Amino acid sequence: MAAVRVPYEYAVIQAVPRIERGELINVGVLLYCHRHDFLAARTHLDETRLLALDPAADVPAVQGSLDSWEATCLGGGASAGMKLGERFRWLVAPRSTILRASPVHMGLAVDPGAELDRLVGLLVR
């Protein structure tokens, strides 16, 4: 029997160290698949690229914020009582901070975890 592809939603996590300049780098991907009860963020912060946009960027603070996105996916902190879909919507909501999510995109995949790894390789690394 062939594997069944199911829909998923994803957003690219972007670092915008100087919002007034509008420059950004992709630092992760957030993927939600309702059918597989899957929500995860995979991140990769390229310190050299971040500092090229803003030599004064607080790299440890940015990394700490990225870590909190991953923890939120797992139900950490204020997201403890939220369902996976609620966590995803919370994370992709528009914000004016150094980290933000791109518009949400959709796709089809058999394995959401493998698809997340593929997207990180394609869009971040």
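Computed from the coordinates by the stated procedures, all read-outs in this text should not be read as laboratory data. The structure presented is a predicted model; accordingly, all values stated were derived computationally and were not measured. Don't worry about glycine lacking a Cβ; one is built from the backbone with ideal geometry, like all the others, and counts go over all protein chains shown.
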Under the definition of Cα pairs under 8 Å and six or more residues apart, what whole-number percent is the relative contact order of the stretch 6-123?
36
Expected unfolding gain across Arg89-Ala52 under the 0.36 nm per residue rule, minus the alpha-carbon gap, is 10.3 nm
From the C-alpha gyration tensor of the chain, pull out the three semi-axes of the equivalent ellipsoid (sqrt of 5λ each), sorted largest to smallest, in whole Å.
26, 16, 12
In nanometres, what is the gap between the two model label sites at Arg118 and Arg5, each 7 Å from Cα along Cα-to-Cβ?
0.8
